[in-house]
Amino acid sequence: MEKWNLMAVVVLLGLTVRWTVSLNSYSGAGKPPMFGDYEAQRHWQEITFNLPVKQWYFNSSDNNLQYWGLDYPPLTAYHSLLCAYVAKFINPDWIALHSSRGYESQAHKLFMRTTVLIADLLIYIPAVILYCCCLKEISTKKKIANVLCILLYPGLILIDYGHFQYNSVSLGFALWGVLGVSCDWDLLGSLAFCLAINYKQMELYHSLPFFCFLLGKCFKKGLKGEGFVLLIKLSCTVVASFILCWLPFFTEREQTMQVLRRLFPVDRGLFEDKVANIWCSVSIFLKIKDILPRHIQIIISFCFTFLSLLPACIKLTLKPSPRGFRFTLVSCALSFFLFSFQVHEKSILLVSLPVCLVLSEIPFMSTWFLLVSTFSMLPLLLKDELLIPSVVTTMAFFIACATSFSIFEKTSEEELQLKSFSISVRKYLPCFTFLPRIIQYLFLTSVFTMVLLTLITVTLEPPQKLPDLFSVLVCFLSCLNFLFFLVYFNIIIMWDSKNGRNPKKTN
Amino acid sequence: MAAVGIATGGGNWFSALALGVTLLKCLLIPTYHSTDFEVHRNWLAITHSLPVSQWYYEATSEWTLDYPPFFAWFEYALSHVAKYFDQEMLNVHNLNYSSSRTLLFQRFSVIFTDVLFVYAIHECCKCIDGKKAGKELTEKPKFILSVLLLWNFGLLIVDHIHFQYNGFLFGLMLLSVARLFQKRHMEGAFLFAVLLHFKHIYLYVAPAYGIYLLRSYCFTANKPDGSVRWNSFSFVRLISLGLIVFLVSALSLGPFLALNQLPQVLSRLFPFKRGLCHAYWAPNFWALYNALDKVLSIIGLKLKLLDPNKIPKASMTSGLVQQFQHTVLPSVTPLATLICTLMAILPSVFCLWFKPQGPRGFLRCLILCALSSFLFGWHVHEKAILLAVLPMSLLSVGKAGDASIFLILSTTGHYSLFPLLFTAPELPIKILLMLLFTIYSISSLKTLFRKEKPLFNWMETFYLFGLGPLEVFCEFVFPFTSWKLKYPFIPLLLTSVYCAVGITYAWFKLYVSVLTDPSVSKTKKQ
């Protein structure tokens, strides 16, 4: 009983932080003519409410796709429609066709923020609580501490409640998927994950681990018997849920094609704005965007992505385990973020979610990663005037992690999950015992540079010739960190001896 | 690495709790702030730009300086930092000025001065040893006490949303209480004297200090049965105490005495022009009295016992500070409230004299003084309930009976603060924080005293659960009914009457426990 009270306290704390952050500014507040993501979401409510389904994704006199045209899958559109009905009930002006463009008021902000909170409360938060309760081998206190840390992760809070998006919906569905698949409710898990993909196409970053894990499960059960049945069931679930979501758009071929074109805007280029991935960092020295033709860019980015995630995926297919699945989710999402085509800075949240899931296993590295991921969005957050909430929530998150996991005492090889890797290196290099020390120094350097760069960005004016200097530096530094993490996570996956030796313990 | 761990509070739960709540306070910066924000900005301007001789005469703004001199000097000190944020806020004629830098400065000034509050709690935790030490950290009385004080809901919303500087003032009070617990009586007396010259509302609890210091410090020994041994009186101690109080007062009021302004200062400090109740009735005895009067007058009208033409047409909660005219019951004068308050305080003070129980007994008397004056005082603000809730937290971790009184008092008292925040964006914050604090306090104290009898009987449980429906009705149902225009005061009326019942009950229960408790010598024999 007392544990549940403590859990309630932790959740309430998470909700309080969310709501207080939501009192701050949002993206594009008072910045006509384009405004920002807040206006995009409002505009989608307007479009979905006033236009028939057939016109949602098409350019027309009523639906100018240049002005925040709908470019997310159907589930987002349905969600907008649902919100629009509520908006209509409260104040029809908020979603009036054409005339509501750029509508801003305190009441409307309150309404929009509430929709985010409700979606979060219904989908993401229950998934987090359930996930932590299902964790094995840790005490109830630790489970509650884990919930606290995940709920306080600043990146998601700042983007959803500050900048304004509904990432908690797609990430929440993905988390339900992870939960289902890890607890052997494979059908429910894949259904939840299909919903996630149909809410935001970026969830495809997570799709390969899901696919490999489920396929591996089928192999394990034997493709000639039980495994085959499971495979058929799974494919039916996936196809059925996709058909259900896309039903209105399957009536005509052109509809489907148009939605797909909107979802995957190949012509928008290799990357947008400043992203902490390889392409953006490389283009500091070499303007790939201008040098190479578009289709070569696509091929290169595809090859890099594919190569970087291949080893982890093969390993997962051959040895499917929930633990390996979680780590593969991290490394695949990170590969996609670093190498794939058309990445947004907010997509780092897709990596952060699986990292949150391994928080209790490798607290030190996860906390570090989550700090870097929040830092990588600094230019965006500064643009939205979210400096104070960003700094405050990041510090709160850091304190929460530091106290509940005492991360600084968990930097031994064993606790960094690098034991088996070090042992195999020591076969060739007997003096290889300094790895934890190096990692500690790297952490300190990384945190120090992040703090320094934040201070510089906030206090100094960039030189006139290089107005983007600081944001480029932020992205470059984060990218370096992410590359390091990619290597680290791949090492963990490849040298994962635990599930080989005693699979019962981890399953 | 270890250094970083210590610096960031790794493993050190107290600093993690304190830092955590400080960060929460920073998140509350953009929330709604009341006119008190302008009050304090105006005081900054007055003390910064005018000579001392005009501080208590200046009346450009309606929010004149009405706190004792130390607080004025405090504002003066703050203003010298404020000028680096925004010079404009220090202009007396810049009424209602609130630039974003002003907001940041004022909010951060509250957050920074709370350091004293945090330190005081740290000291309190040292001297309060709860009944038993649990094995787990979260079950230790010290841990629970620090959460109850650091994360106190009332203080959070009054200081960091509504805007006031109660944090460091309560810090001074708790620190002086802690010093008395540590037998450093002179320091305790000094701190309390300083506190009185910061904000004179603490005069309410002065009787407890006076009697306690006289009985347990100036008299150095007791007879075996616990009564006072008259020949043990120490003149040196009395004189040194008197000297401390006198010096502090001289430092504070002396300059104004020299300027011959003392009457003006005092008239600013004690404005008796205001009405019996604040615009929103504080949940005290007079709220019940007024409500009873209202009910009687309605019954009287229905039964035609009263003449409708003779009834004064004063809407009682129309938002202005005004006199409330009673129709059936006799009207209440300031003198009557003063007598009632004294009558209510007297038994507890007698108890402190005849049944001294050490610092704990003093703390009980202090709480009773605060509660009695809250219940019967003239023009009481709802915020004054914190004066009882915060010291009560210290008692709550000691005994199951005290814990149950604390929970009733804090829950109803905190709920009665809800009308302070009436804006829509703050509605979720106050509900979430209130739930957070209430769930934590109830569950942690229940765990602490799980081996003893349940903390609440069915009636108390029922009463506390009733707050939920009340909130739903007041904030979510009532605004959509047709009564909203006709009887806009109903939610406030219901809230203050409902909470008044709980607070009076808690006061009564505490009084009973103080009067029936065996004295120290007896308990020692058992």
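No lab work stands behind these numbers, since they all come straight from the coordinates. Because the structure is predicted, anything quoted here is derived from the model rather than measured. In this analysis, Cβ positions are derived from the backbone assuming ideal geometry, glycine residues included, and neighbour counts consider all displayed protein chains.
How are the C-alpha pair distances of region A:205-340 spread across 10 Å bins, as whole percents from the shortest bin up?
11, 28, 30, 25, 6, 0
Could you tell me, in Å, what Rg and Dmax come out for the Cα atoms of region B:84-218?
So, for region B:84-218, Rg and Dmax equal 18.2, 59 Å respectively.
Calculate the radius of gyration of the Cα atoms of the protein assembly as shown to one decimal place, then report Dmax, the largest Cα-Cα distance, as a whole number, both in Å.
32.5, 105
Relative contact order for chain A using alpha-carbon pairs under 8 Å, separation at least 6, rounded to a whole percent?
Numbers: 628 pairs, mean separation 83.7, N = 507.
RCO, chain A: 16 percent.
Whole angstrom only: what separates the Cα centroid of region A:67-126 from the Cα centroid of region B:382-446?
When both Cα centres are located, 35 Å separates them.
May I ask for the Rg/Rh ratio of region B:364-465, computed from Cα atoms with Rh as the Kirkwood radius, given to two decimals?
With Rh from the inverse mean 1/r over Cα pairs, Rg/Rh is 0.99.
Tell me the relative contact order for region B:388-505 as a rounded percent, counting alpha carbon contacts under 8 Å between residues six or more apart.
35
Can you give the Rg to Rh ratio for region A:1-87, taking only C-alpha atoms and Rh from Kirkwood?
Working: Rg = 17.8 Å, Rh = 15.3 Å.
Radius of gyration over Kirkwood radius for region A:1-87 works out to 1.16.
To make sure I understand, if each residue's beta carbon is the centre and we count other beta carbons within 10 Å, what order do B:M459, A:M7 fall in, fewest to most?
B:M459, A:M7
Kindly write out, for region B:428-434 in residue order, the coupling ³J(HN,Hα) from the Karplus curve 6.51 cos²θ - 1.76 cosθ + 1.60 (θ = phi - 60°), rounded to whole Hz, with x marking Gly and Pro.
Values per residue, Gly and Pro as x: x, 4, 5, 5, 5, 5, 5 Hz.
Mind checking which aspartates and glutamates have their C-alpha under 18 Å from A:K427, skipping anything on the same chain fewer than 8 residues away?
By straight Cα distance, A:K427 reaches A:E413, A:E414, A:D496.
Can you list the HN-Hα couplings for region A:201-208, worked out from phi with the Karplus curve (6.51, -1.76, 1.60; θ = phi - 60°), rounded to whole Hz and with x for Gly and Pro?
Per residue, the Karplus-derived 3J(HN,Hα) values read 5, 4, 4, 4, 4, 8, 5, 4 Hz.
Please list, in chain and number order, the residues 5+ apart from A:V343 or on another chain whose amide H is under 5 Å from its amide H, with Hs placed from the backbone.
Answer set, sorted by chain and number: A:E272.
Under 18 Å Cα-Cα from B:K302, which lysines qualify once same-chain neighbours fewer than 8 residues away are excluded?
Candidates past the 8-residue exclusion: B:K294, B:K310, B:K313.
Run the count for region B:51-195, please: Lys pairs, Cα-Cα under 26 angstrom, 8 or more apart or on different chains.
Final tally of qualifying lysine pairs is 12.
Using only Cα atoms, locate the centre of region A:434-503 and the centre of region A:247-302, then give the distance between them in Å, rounded to an integer.
Region A:434-503 and region A:247-302 have Cα centres separated by 26 Å.
If I take all pairs of Cα atoms in chain B, what percentage of them are more than 30 Å from each other? Can you show the working numbers first?
Numbers: 72550 of 138075 pairs.
Result: 53 percent of Cα pairs exceed 30 Å.
Along the three principal axes, how long is region A:83-214 when you take its alpha carbons, biggest first, rounded to the nearest angstrom?
55, 33, 23
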